[in-house]
Amino acid sequence: MHVPTLRLVLCLMVCCDLWLASSQKLQLDSIDQSELVRKAREIRQHRQVRQTRQLRQEQDKETKCKFKFALLDFPPYIMNQSMNKGFMYQTLTWFVDMACFGREATDPIACKMVPVFVQNQDEMVKLIKNGSVDFGFPILSDAKQKLTGLDSVTLIRAFVSSGCSMIVNLKQCEAESREQLLTSITSQWPILACIILLSGISGVIIWLLEHRSNAAQFSPSFTIGSPEGFWWAVVSLTTVGYGDKTPKTLCGRAFGIMWILIGAIMLSLFTALFTNAMQASLDGTRCRDIGGKKVGVSNKNPETHIVAKELDADFVQFKNLDEMQKNLSRGTIGRVMVDRNTAFHFLDKSGLKRNRQIRMIRNIDYPMEYYLAHVSHDVMGSPNDTNNFDDEVLDRKTQLSICGESLKELSADVVAVAKDTAKEQLIPAELQTADLSDEMEGLFSTGSQMTKFILFALLGIFAFLLVIGKLWEVYTNCKPTVRKKRKGLIPSSRKMSMMQNFLDLEERLKDITSDLQKLKEEFEGATNGLSPVGSPEYSRPKERSFFNNMLDLNGKSKNTETIL
């Protein structure tokens with residue numbers, strides 16, 4: 001009898017094992033393929049950087065003109081690295097060479113850029129005001145205000161970012177969503193309490209309408225009948241309709257129809273409110289909202305500080321992207337806000353793009369302008385002069401010192417070229433959703449660890465129950481038949497049923513007795529009318545008739561009622 005069940009369990013275990021093994025293999029294959037694609041992309045990038053460095057080294061040997069360029073480590077625009085200086089580094093070199101010296105892209109460099117990396121905007125402003133450098137980039141909002149109005153400084157718009165992007169750690173979002181879900185569920189208690197109270201009222205009303213004519217299903221006792229009415233109201237409310245309790249009277253059925261319609265509306269309202277509350281807690285709205293929450297920003301980009309303040313966020317400053325990445329990965333900070341191009345670089349180079357818990361969920365449109373500062377000063381007194389005071393070098397440095405206005409006129413060109421360069425070198429990250437419902441859908445996906453745990457747990461529970469049931473049957477030698485009830489013990493429910501039957505029988509006996517009494521009186525009246533007065537039949541003692549026996553039976557029934 002149990003052999004087919006055991007075979008079914010074994011087949012299920014084997015099928016689950018094969019399914020999970022195949023899904024894990026597919027997942028590993030996809031991971032290997034993505035790793036190969038990433039390595040190939042890195043090899044191509046290193047090859048391009050190496051070729052660019054070789055070309056620049058060959059070009060630098062041909063010129064003795066040099067100029068100093070103050071640069072802030074501001075990935076991915078400017079990076080203080082040996083392999084990759086950032087996409088704006090080459091763009092600015094080309095721009096200065098083209099605007100100040102009229103060179104083409106294929107011509108050798110007229111003047112060599114000597115980068116001077118600074119730690120912050122204040123240090124860059126100090127170098128520009130002192131005339132220690134010829135150029136500075138990037139000039140952000142705070143530094144722009146300090147340099148505006150200086151005669152020796154020309155500000156050129158070099159790049160316009162479309163806005164900020166917010167990157168989150170879903171662990172904190174999940175915690176916030178669970179809290180919101182619990183709050184949303186508990187906030188629905190008024191309508192649930194209203195449904196329960198209405199069910200209790202309906203149970204009492206249906207008992208009042210049915211307890212006289214339908215005593216078999218709704219007991220005449222209020223203590224017993226009202227809970228039965230409540231059970232009927234709940235079953236009718238949920239439209240289950242077991243049929244164990246049904247109204248028989250016209251008023252009871254009319255009230256039943258009305259209660260079913262009211263209950264369906266109330267239950268639908270409760271379901272809709274509960275579903276909306278759950279959807280609101282899982283759609284990522286709470287995760288996207290940063291009002292009053294801590295948001296990590298870089299202290300090198302004051303533009304993100306302005307955006308965070310406008311959104312009423314409590315921002316926390318980090319020194320660099322590495323520090324920001326560590327805190328975001330650990331969950332110390334749940335949200336960070338960076339420049340959009342910085343977000344692309346941040347997710348790609350740090351490896352966070354492959355982390356399912358780290359997502360870019362929101363783009364904030366807030367145009368941010370990054371300026372290039374040109375410093376004009378006396379060539380002979382310039383601190384950037386070389387020891388070779390030949391005419392060619394002095395001529396080039398003179399052109400470099402007075403080309404500020406030319407650079408400003410070509411601002412639109414450098415912005416366009418910089419955007420094209422960013423598109424070529426940066427790998428854009430898709431805007432992901434913070435909707436946690438997709439995590440719920442992934443709960444039963446083939447690659448989910450939770451899926452494996454749930455399947456094996458359910459399979460283990462099922463097998464355990466089968467084994468325990470078989471052992472119990474063997475131990476107790478129990479057969480699959482209904483046990484006979486022991487004599488002398490009557491359940492309380494059956495006692496109430498027997499008492500109700502006795503009461504019904506007593507009512508019927510009373511009706512029969514009254515009918516027999518009427519028949520007796522009619523029969524005696526007919527007998528007196530037929531027999532003569534003084535007849536000897538009347539002097540004899542009367543024998544007990546059938547009607548007298550029935551009257552005695554009525555007296556016994558009254559005694560029975562007294563006993564009950």
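Between a residue in the range 417-432 that is farther than 21 Å from Arg362 by Cα and any residue that is aromatic (Phe, Trp, Tyr) and open to solvent by less than 50 Å² (accessible area, probe 1.4 Å), which pairs come within a Cβ distance under 7 Å, given they are 6 or more apart or on different chains?
If the second residue must be aromatic (Phe, Trp, Tyr) and open to solvent by less than 50 Å² (accessible area, probe 1.4 Å), the pairs left are Ala418/Phe159; Thr421/Phe87; Gln425/Phe87.
Out of (1) basic (Lys, Arg); (2) at pLDDT 85 or above; (3) open to solvent by less than 30 Å² (accessible area, probe 1.4 Å), the odd one out for Lys397 is which?
Result: Lys397 fails condition (2) only.
Given the condition surrounded by fewer than 17 Cβ atoms within 10 Å (Cβ to Cβ), among the acidic types (Asp, Glu) and either modelled with pLDDT under 85 or part of a helix (DSSP H, G or I) (or both), answer yes or no: does some residue in the range 135-145 qualify?
There is at least one residue in the range 135-145 that is surrounded by fewer than 17 Cβ atoms within 10 Å (Cβ to Cβ), among the acidic types (Asp, Glu) and either modelled with pLDDT under 85 or part of a helix (DSSP H, G or I) (or both).
Anything in the range 112-134 that is assigned to a helix (DSSP H, G or I), open to solvent by less than 10 Å² (accessible area, probe 1.4 Å) and more than 21 Å from Ser298 (Cβ to Cβ)? List them, or say none.
Within the range 112-134, Ile128 is the sole residue that qualifies.
Quick one: which helices (runs of 4 or more DSSP H) lie wholly within the range 403-492 and hold at least 2 residues that are modelled with pLDDT of 80 or more, surrounded by 14 or more Cβ atoms within 10 Å (Cβ to Cβ) and of a type in the set (Ser, Thr, Tyr)? Break it down stepwise before answering.
Details: elements: 404-409, 411-425, 437-441, 449-476.
Output list reads 411-425.
Hey, any hits in the range 344-361 for a residue that's over 30 Å from Lys146 (Cβ atoms), in a strand (DSSP E or B) and of a type in the set (Val, Ile, Thr)?
Narrowing the range 344-361 to residues over 30 Å from Lys146 (Cβ atoms): 347-361.
Restricting the remaining residues to those that are in a strand (DSSP E or B) gives 358-361.
After this cut, where a residue has to be of a type in the set (Val, Ile, Thr) as well, the list is 358, 361.
Yes, there is a match, as at least one residue in the range 344-361 is over 30 Å from Lys146 (Cβ atoms), in a strand (DSSP E or B) and of a type in the set (Val, Ile, Thr).
In the range 354-378, what count of residues is obtained for those that are at pLDDT below 75 and surrounded by 19 or more Cβ atoms within 10 Å (Cβ to Cβ)?
Step one: filter the range 354-378 for residues at pLDDT below 75, giving 354-356, 378.
In the following step, the residues that additionally are surrounded by 19 or more Cβ atoms within 10 Å (Cβ to Cβ) were identified as none.
Result for the range 354-378: 0.
Looking only at residues in the range 162-177 that are part of a helix (DSSP H, G or I) and in contact (Cβ under 8 Å) with a residue 12 or more places away in the chain, which one is most open to solvent (accessible area, probe 1.4 Å)? It would help to see each step written out before you state the result.
Here is the first cut: in the range 162-177, the residues part of a helix (DSSP H, G or I) are 170-177.
The next check asks that each one be in contact (Cβ under 8 Å) with a residue 12 or more places away in the chain; those that pass are 170-174, 176-177.
Working: Leu170: 2, Lys171: 127, Gln172: 60, Cys173: 3, Glu174: 42, Glu176: 37, Ser177: 8 Å².
Applying the filter and picking the extreme gives Lys171.
Could you list, ordered by first residue, the pairs with Cβ atoms under 7 Å in which the first is in the range 316-334 and farther than 19 Å from Arg356 by Cα and open to solvent by 70 Å² or more (accessible area, probe 1.4 Å) and the second is modelled with pLDDT of 85 or more and not aliphatic (A, V, I, L, M), at least 6 apart or interchain?
Every condition considered, the pairs that remain are Gln317/Asn299; Lys319/Asn299.
If I filter the range 285-306 for residues that are within 23 Å of the chain's Cα centre (by Cα), part of a strand (DSSP E or B) and closer than 20 Å to Leu426 by Cα, do I get at least one hit?
First, pick out the residues of the range 285-306 that are within 23 Å of the chain's Cα centre (by Cα): 285-296.
Narrowing the set further to residues that are part of a strand (DSSP E or B) leaves 294-296.
Now narrow it down to the ones that are closer than 20 Å to Leu426 by Cα: none.
No: zero hits.
Mind listing whichever residues of the range 216-237 are farther than 21 Å from Leu505 by Cα and exposed (fewer than 14 other Cβ atoms within 10 Å of the Cβ)?
Correct list: Phe222, Thr223.
Cβ-Cβ under 8 Å, sequence separation 6+ or interchain: first residue in the range 71-98 and among the acidic types (Asp, Glu), partner assigned to a strand (DSSP E or B). Which pairs?
Pairs found: Asp73/Phe117.
On the given criteria, is Ile109 closer than 21 Å to His377 by Cα, buried (at least 16 other Cβ atoms within 10 Å of the Cβ) and touching a residue at least 40 places away in the same chain (Cβ under 8 Å)? Steps first, answer last, please.
Working: closer than 21 Å to His377 by Cα: no; buried (at least 16 other Cβ atoms within 10 Å of the Cβ): yes; touching a residue at least 40 places away in the same chain (Cβ under 8 Å): yes.
No: the conditions fail for Ile109.
Counting only residues that are free of Cβ contacts under 8 Å to residues at least 40 places away in the same chain and open to solvent by less than 60 Å² (accessible area, probe 1.4 Å), which one in the range 200-215 is farthest from Lys248 (Cα to Cα)? Full working, then the answer.
So in the range 200-215, the residues free of Cβ contacts under 8 Å to residues at least 40 places away in the same chain come out as 200-201, 203-204, 207-208, 211-214.
Filter once more, keeping what is open to solvent by less than 60 Å² (accessible area, probe 1.4 Å): 200, 203-204, 207, 211, 214.
Details: Gly200: 20, Gly203: 15, Val204: 16, Trp207: 11, His211: 10, Asn214: 6 Å.
This residue is Gly200.
The values are calculated or read from the model by the stated rules, or taken from the named source; none is laboratory data. Just so you know, these numbers come straight off a predicted model, no measurement behind them. All Cβ positions, glycine included, derive from the backbone under ideal geometry; neighbour counts span all protein chains shown. We work out accessible area using only protein heavy atoms, side chains counted, and drop any ligands, DNA or RNA first. Shrake-Rupley method; radii C 1.70, N 1.55, O 1.52, S 1.80 Å.
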